[in-house]
Amino acid sequence: MTNDQRSDLIRLACEARKNAHAPYSKFLVGAALLTEFGEIICGCNVENASFGLTICAERVAFSTAIAAGHRRFRALAIATSGGHPPCGACRQFAAEFCEDLPILLIDCDQPDQVSESNLRVLLPGRFELLVT
Ligand code: THU
């Protein structure tokens, strides 16, 4: 990832967060996913009155990217108030496509202080099905 791509990911994750539909939790999340070709695809959380139907920002970003034909990714940025890491479901969802994805955790109130992690650290022992 170049420095420009890193800045774009941070900026776009914060922008995507503003589109979150989170009237129930009021917890807004934005995600920006960098594809192997340098394209950035965004997502935000979309809540529902039937709470269990809520989908996280990260899974929206991955699903949008997959539907557009992408399969390989270079980095994921997640913007929240507080710089929270992704939930377990989103870690497993990402692990379907990436083994060691760099993950930038952005506190949208202090976007200069980005914490860096990766999927291998956040999800050791991911669930795998060996398909023959
Ligand atoms: N949320 C995400 O978008 N990503 C996560 O990794 C954790 C949680 C959303 C779901 C719900 O709309 C709100 O944050 C509170 O859980």
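The values are calculated or read from the model by the stated rules, or taken from the named source; none is laboratory data. If you're wondering where the values come from, they're calculated on a predicted model, not measured in any experiment. For neighbour counting, all protein chains shown are included, and Cβ atoms are generated from backbone atoms with ideal geometry for every residue, glycine included. For the accessible areas, the whole protein counts, side chains as well, though only heavy atoms, and no ligand, DNA or RNA atoms are used. Shrake-Rupley method; radii C 1.70, N 1.55, O 1.52, S 1.80 Å.
Do we find a residue being open to solvent by less than 10 Å² (accessible area, probe 1.4 Å) and within 23 Å of Phe127 (Cα to Cα) anywhere in region 47-61? For region 47-61, residues open to solvent by less than 10 Å² (accessible area, probe 1.4 Å) and within 23 Å of Phe127 (Cα to Cα): present. Under 19 Å from Phe93 (Cα atoms), more than 9 Å from the ligand (Cβ to nearest atom), touching a helix residue (DSSP H, G or I) at 6+ places or on another chain (Cβ under 9 Å) and modelled with pLDDT of 95 or more - does that describe any residue in region 16-32? Yes, there is a match, as at least one residue in region 16-32 is under 19 Å from Phe93 (Cα atoms), more than 9 Å from the ligand (Cβ to nearest atom), touching a helix residue (DSSP H, G or I) at 6+ places or on another chain (Cβ under 9 Å) and modelled with pLDDT of 95 or more. Scanning region 53-94 for residues that are more than 10 Å from the ligand (Cβ to nearest atom) and farther than 18 Å from Ile40 by Cβ yields Leu53, Ser81, Gly82, Gly83, Gln92. Looking at Pro111, Pro102, just one residue is open to solvent by less than 70 Å² (accessible area, probe 1.4 Å) and modelled with pLDDT under 95, and that residue is Pro111.
Kindly establish whether Gly38 is under 25 Å from Asn3 (Cα atoms) and small (Gly, Ala, Ser).
So Gly38 passes the test.
Return yes when Glu39 is in contact with a Cys (Cβ under 9 Å, 6 or more places away or on another chain), of a type in the set (D, E, K, R) and either more than 14 Å from the ligand (Cβ to nearest atom) or open to solvent by less than 50 Å² (accessible area, probe 1.4 Å) (or both) and no when it is not. It is false that Glu39 is in contact with a Cys (Cβ under 9 Å, 6 or more places away or on another chain), of a type in the set (D, E, K, R) and either more than 14 Å from the ligand (Cβ to nearest atom) or open to solvent by less than 50 Å² (accessible area, probe 1.4 Å) (or both).
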